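Input: a single structure, listed below in structure tokens.
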Amino acid sequence: MSKEQNSIGKSVVDLPANVTRSIFRNPLPSSDRGRAATSFTNFFLHVQPVRVSRQALRPSYTMGLGLISFFLFVILTVTGVLLMFYYVPSTTQAYDRMLDLRSSVVFGVILRNMHRWAAHGMVACVFLHMCRVFFTGSYKPPREFNWVIGVCLFGLTLLSSFTGYLLPWDQLAFWAITVGTSIAGYAPLVGKAIKFILLGDATVGQEALLRFYVLHVVVLPLVLTIFVAVHFWRIRKDGGLAKPETEAAPKRVPVQVEIQEDAVPIAASGSVAVAAPVRKFTIQGLVRGPLIKVGKLEEDTVFSWPNLLIAELVVLLLTIAGVMLVSFFFNAPLEQPVNVMHPPNPAKAPWYFLGLQEQVSYSAFWGGIGVPGIEVLLLLLLPYIDRGKEGVGRWFARQRIFANSIFLFFVLVNIYLIVIGTFFRGANWQFVSPF
Amino acid sequence: MRLALAVASLVVMVGSGAVVYKETQASWQDHQRAYFAQAKAQAKSDAERASLSVKTPKIEQTIVTAFGTSRVERCESCHIASDDPRFASAEEPLKTHPYSAAMGDTYKDGRWERKHKFSEFGCTSCHDGQGRGLTKADAHGEDEYWPTPMLGYVAQADWKKENAAHLHGAEFIQANCAQCHKDRNFAGTAIVARGRELFFKEGCFGCHRIQGISSGTIGPDLTEVGKERKLDYLWGHIVDPRAYTPTSVMPQFKLSDDDKKALVIFLKSRRGSSPSESSVDQYKVEASNTAPVPDSVAEVATAITAAKTPAERGRQLIEGYACLSCHKLDDHDGGISPDLTHEGLMRDRSWLMSHFQNPRSQITDSNMPTFALPEKDFDDMSAYLMTRTTMPQATTPAQTFQTLCARCHGEKGNGQGPNSIYLDPAPRDLTRAEFMSTKPQLRLITSIHDGVAGTSMPPWGKTLTDAQIQGVLDYVWAAYVKEKPHQIKARKLPDANPVAMSADSIHRGESIFLQRCTGCHGRKADGHGPNSIDITPRPRNLTNTAFVQSVSDRRLFESIEYGVDGTAMPSWIDYGLSQNDVGDIVNFIRSLNKPGK
């Protein structure tokens, strides 16, 4: 080491390179080892596998629904934080702030639109993602618990959307929440208590607005983030996305992996591979069991860098583009300021609860609590009830026709109820034609 | 995949560009550029031209702090020439705001000087609208949910077309002038003053409270109605009270369009606290208005004291004040309440006085408010009404029915006369043969001759001769009932309640009542049970003391035991009530209507 190398001049010259190297531990990869290293030396990428199966990358397999849901959540977080700069959770100010957002705040309209439509989109995408997981049988062992987490995430998504619904403090918000919390009140024993805890009062008012605000901007996003983290982590630990079992049953090979450090690119001369110092690592007994298919490197995989990354980027951009286009052309609804004396007729819950409301119109307890309660319980217990091992990783596998039919039936019934509740119900919940 | 990435990136970029363009391109910039160009053409000096050519559009913002909470106003971003006299004949939005000597603007040395300077008053303190808005729709409040659209200028999307046509014009701004110019004689708020006058003349004050002005309690408090309601609602609600509120009990008054407009402008000026006064001022006003009679009523009363006799003064009060908005008197018909033309033949003075003091003391479900007038006014009005003793001209029974009965019972005798919806109990449907033909003639005659206590059916005994009454009844029979009277089988009924009145009996009666009767008659026995809305005639209000006291035990027993034909009241004998049970119920009903109550 000479003194010149430590001179200030050299520090200055090397500064950009030094900074870059300190941030990115790996240069842009050109070799397989580099691609692998990129994945596991980068905080944001290490949640992803080094190699990913081609099946998981096929758009027709996942339709990117889980990822879209996640990106919608990111969009919601960003737009939501920006909206928080303008919003005041007070019954006297909230609606005025909405009007300000609409007419005076630069980008206020687009922000609110994006937040609103992304929220509706997230509810829909999370639900569709759940359907995808079911129809491809992806909740089978070892992924049972991740399915349970997923069901919880669906519930959290609904709650987040529902709590956000009240914040504009217009007629739509007020009466939708009044209806929604009334449904909660039908639960036996705890119903009234839940309703009171949610509202902080006998009716929707300032206390309810404050509670819904805190739930919406702090509690639920935080819990959601933690659940999402666990959800992603479990995907990795459960061996990536579910894929069909190969013909041959996996052999129980001893857990032993060799990683060769290819110090120099090996010349493809076909001659004796001359390696500079070759170091050998042997991992023994660190991981075992069915969790990771160690030692059974499937042929049908590709490196995550760049294949998976590009796919994810495309989904991200398409999601943003979609939300932005919808927000450009359609304004988020804003109705009259709250008027407690004038309920609209009919007062409708948010669309995703209209199926519930439709059921409630037949029977308050069974429609609002009994049937949905059983449905949620079935969803949570599903992977422990359905123990068949066949038909994993394929859409509508023939072996799963029974389970798929039942699930499809439930999905269609719920969609049917939502459509009826949304479009075919008029004053006094009478059946009306929307045409 | 890379192609997809490229396409997605492109879409996002184009989308972002479109959003940014949409958010930053605004028509106010175009208006300002047009203004700069035109001003430059008219500029007199090179210096002015030079200064105009370097100008670029920017948001012109005024913050008005003098009127209540500070208002942010950006109106002049478009209306940039509002104070530039050269643009007097330009098109909006580049038109000069007119100068008006009536508004206090002064013309001196070839220049107008505004009294209400825009920098001080802003625009929205007079015009309403949304000062922050930067597009026409936002700023003018055209959007249906903006609470204060520009007064007399903007009709919002959800306003009814037939209302909106009447809600145009500069005069509506008077509602805002009156926020500061509170003097009732101020020339600039003549229509507000007219509306206030109508508020008393039409009797509005009988039902509605406006802090410091009136103290009615039947209708909603209108102290802040101008803040809460838009012109469309105010107008529409006066034209047809049930248009927006189907359950409203407010009568549909007959008013000219000009009067309606004056009332709307007056109501619009009722904004509770006005921006020109502090909360301490408010409190002082409130504290000084403790007198039971509002100042303006007293003011009117003094104007009428010139009358020579009490009856003459009463006539002036009745004709000039409130009564004829609802009641009929000679040729003037308010179309809502009973005919007072022959009142002196129907009621006595004590009845009138107690009815004035509390209409519900005589007619339990009357919709007439207790007017906050001094006792002397009631005295004089009673005196005048007692002079109304002219009998109607003797005509044919058909004409008698149409002039005297049809107002309530309807031209077709179906109980749906023009003022029937305001009467409770409703006028009898005379075409319901099942009811009419099962009642003894004597009872029908008595109802006409003596009236029906506790209802709006007055005693006609002095107004019509017995022969006329029989004639009218015969006419009703021939024209509406069209059925022979039924011969009712003799019924075994006690003349007086055989069960002695006692606390035990009342208690038993109450428990039977709660089991059997509340579905229609209601838990309060007021006739408003859950089934009552589907039933005509409506179930009887059993707390109508005057009525219940006028009915004999025998009739109560008959109605309960055998039911009332032509109504929903069933025969309770068939449902297992014994004579003693009925006696207990009768005792319970009587106990609800103690004499002297």
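The values are calculated or read from the model by the stated rules, or taken from the named source; none is laboratory data. Since this is a predicted model, take the numbers as computed values, not measurements. Backbone-built Cβ (ideal geometry, glycine too); neighbour counts: all protein chains shown. Ligands, DNA and RNA are excluded from the accessible area calculation, which covers all protein heavy atoms including side chains. Shrake-Rupley method; radii C 1.70, N 1.55, O 1.52, S 1.80 Å.
Taking region B:77-148 as the region of interest, the helices (runs of 4 or more DSSP H) fully inside it that hold 3 or more residues being open to solvent by less than 80 Å² (accessible area, probe 1.4 Å) are B:124-127, B:136-140.
Anything in region B:312-329 that is in contact (Cβ under 8 Å) with a residue 60 or more places away in the chain and assigned to a helix (DSSP H, G or I)? List them, or say none. If you could, list the steps in order and put the result at the bottom.
Our first condition is that a residue be in contact (Cβ under 8 Å) with a residue 60 or more places away in the chain; within region B:312-329, this holds for B:312-315, B:317-318, B:320-323, B:325-326, B:328.
The answer is B:E312, B:R313, B:G314, B:R315, B:L317, B:I318, B:G320, B:C323, B:S325, B:C326.
Checked against (1) open to solvent by less than 20 Å² (accessible area, probe 1.4 Å); (2) closer than 21 Å to A:P89 by Cα, A:G185 passes all but condition (2). Each residue in region B:10-57 was checked for being surrounded by 16 or more Cβ atoms within 10 Å (Cβ to Cβ), within 12 Å of chain A (Cβ to nearest Cβ) and out of contact with any Phe, Trp or Tyr (no Cβ under 8 Å at 6 or more places or on another chain), and 3 pass.
All conditions but one from (1) within 14 Å of A:I369 (Cα to Cα); (2) in contact with a helix residue (DSSP H, G or I) (Cβ under 8 Å, 6 or more places away or on another chain); (3) open to solvent by 30 Å² or more (accessible area, probe 1.4 Å) apply to A:D201; the one that does not is (1). Across region B:434-453, the number of residues qualifying as assigned to a helix (DSSP H, G or I) and either among the hydrophobic types (A, V, I, L, M, F, W, C) or in contact with a helix residue (DSSP H, G or I) (Cβ under 9 Å, 6 or more places away or on another chain) (or both) comes to 10. If the condition is being open to solvent by less than 40 Å² (accessible area, probe 1.4 Å) and out of contact with any helix residue (DSSP H, G or I) (no Cβ under 6 Å at 6 or more places or on another chain), then region B:509-524 contributes B:C517, B:T518, B:G519, B:H521, B:G522.
Looking only at region B:1-55, which residues are of a type in the set (K, R) and part of a loop (DSSP other than H, G, I, E, B)?
Restricting attention to region B:1-55, the residues satisfying the condition of being of a type in the set (K, R) are B:2, B:22, B:33, B:40, B:44, B:49, B:55.
Of everything in region B:1-55, those that are of a type in the set (K, R) and part of a loop (DSSP other than H, G, I, E, B) turn out to be B:K44, B:K55.
Has region B:207-220 got any residue that is open to solvent by 30 Å² or more (accessible area, probe 1.4 Å) and within 14 Å of chain A (Cβ to nearest Cβ)? Looking through region B:207-220, at least one residue is open to solvent by 30 Å² or more (accessible area, probe 1.4 Å) and within 14 Å of chain A (Cβ to nearest Cβ). Here A:E298 meets the list (1) more than 25 Å from A:V432 (Cβ to Cβ); (2) within 14 Å of chain B (Cβ to nearest Cβ); (3) at pLDDT below 90; (4) surrounded by fewer than 17 Cβ atoms within 10 Å (Cβ to Cβ) almost entirely, failing just condition (2).
Does region B:118-137 hold any residues that are of a type in the set (D, E, K, R) and modelled with pLDDT under 90, and which are they? I'd like the intermediate steps shown before the answer.
To start, the set of residues in region B:118-137 that are of a type in the set (D, E, K, R) comprises B:120, B:128, B:132, B:136.
Matches in region B:118-137: B:E120, B:R132, B:K136.
Residues satisfying the criterion are absent from region B:497-508 (criterion: within 39 Å of the chain's Cα centre (by Cα) and surrounded by 17 or more Cβ atoms within 10 Å (Cβ to Cβ)). Just one residue in the set A:V52, A:V109 is in a helix (DSSP H, G or I) and within 14 Å of chain B (Cβ to nearest Cβ); that residue is A:V109.
For region B:134-156, enumerate the residues that are farther than 24 Å from B:Q61 by Cβ and more than 14 Å from chain A (Cβ to nearest Cβ). Within region B:134-156, B:G152, B:A155 qualify.
At negative phi, touching a residue at least 24 places away in the same chain (Cβ under 8 Å) and open to solvent by less than 20 Å² (accessible area, probe 1.4 Å): is that true of A:F127 in this structure? Against the criterion (at negative phi, touching a residue at least 24 places away in the same chain (Cβ under 8 Å) and open to solvent by less than 20 Å² (accessible area, probe 1.4 Å)), A:F127 does not qualify. Pairing each residue of region B:516-535 that is hydroxyl-bearing (S, T, Y) with any residue that is open to solvent by 30 Å² or more (accessible area, probe 1.4 Å), provided the two are 6+ apart or on different chains, yields C-beta distances under 9 Å for B:T518/B:K524; B:T518/B:P530; B:S532/B:C520; B:S532/B:R538. Any residue that is under 24 Å from B:H409 (Cα atoms), touching a Cys at 6+ places or on another chain (Cβ under 6 Å) and at pLDDT 90 or above - is there at least one of those in region B:545-552? Within region B:545-552, not a single residue is under 24 Å from B:H409 (Cα atoms), touching a Cys at 6+ places or on another chain (Cβ under 6 Å) and at pLDDT 90 or above.
Just one of the numbered conditions (1) surrounded by fewer than 20 Cβ atoms within 10 Å (Cβ to Cβ); (2) more than 24 Å from B:S361 (Cα to Cα) is not true of B:N593: (2). What is the residue count in region B:391-400 for residues that are touching a residue at least 40 places away in the same chain (Cβ under 8 Å) and closer than 11 Å to B:L464 by Cα? The number of residues fulfilling the criteria is 5. Taking region B:330-429 and the helices (runs of 4 or more DSSP H) fully enclosed by it, the elements with 2 or more residues that are of a type in the set (G, A, S) are at B:349-357, B:375-386.
The residue that is farthest from the other protein chains (Cβ to nearest Cβ), among those in region A:311-348 that are modelled with pLDDT of 90 or more and surrounded by fewer than 16 Cβ atoms within 10 Å (Cβ to Cβ), is A:F330.
Out of B:G417, B:G413, report the one residue that is in contact with a Cys (Cβ under 6 Å, 6 or more places away or on another chain) and crowded, with 20+ Cβ neighbours inside 10 Å.
Numbers: B:G413 fails: in contact with a Cys (Cβ under 6 Å, 6 or more places away or on another chain).
Being in contact with a Cys (Cβ under 6 Å, 6 or more places away or on another chain) and crowded, with 20+ Cβ neighbours inside 10 Å holds for just one of B:G417, B:G413, which is B:G417.
Scanning region B:157-175 for residues that are touching a residue at least 12 places away in the same chain (Cβ under 8 Å), away from chain A (no Cβ under 11 Å), surrounded by fewer than 20 Cβ atoms within 10 Å (Cβ to Cβ) and in a loop (DSSP other than H, G, I, E, B) returns B:A157, B:K160, B:H166, B:H168, B:G169. A:Y362 - would you say it is surrounded by fewer than 18 Cβ atoms within 10 Å (Cβ to Cβ) and in contact with a helix residue (DSSP H, G or I) (Cβ under 9 Å, 6 or more places away or on another chain)? Here the answer is no, as A:Y362 does not meet what is asked. Per this entry, B:D333 is not counted among residues that are open to solvent by 40 Å² or more (accessible area, probe 1.4 Å), over 24 Å from the mean Cα position of the chain (by Cα) and of a type outside the set (G, A, S).
Here B:G236 meets each of (1) surrounded by fewer than 18 Cβ atoms within 10 Å (Cβ to Cβ); (2) assigned to a helix (DSSP H, G or I) with one exception, condition (1).
Of the residues making up region A:82-106, those that are within 14 Å of chain B (Cβ to nearest Cβ) and either open to solvent by less than 40 Å² (accessible area, probe 1.4 Å) or under 30 Å from A:G66 (Cβ atoms) (or both) are A:L82, A:A94, A:Y95, A:M98, A:L99, A:D100, A:L101, A:S103, A:S104, A:V105.
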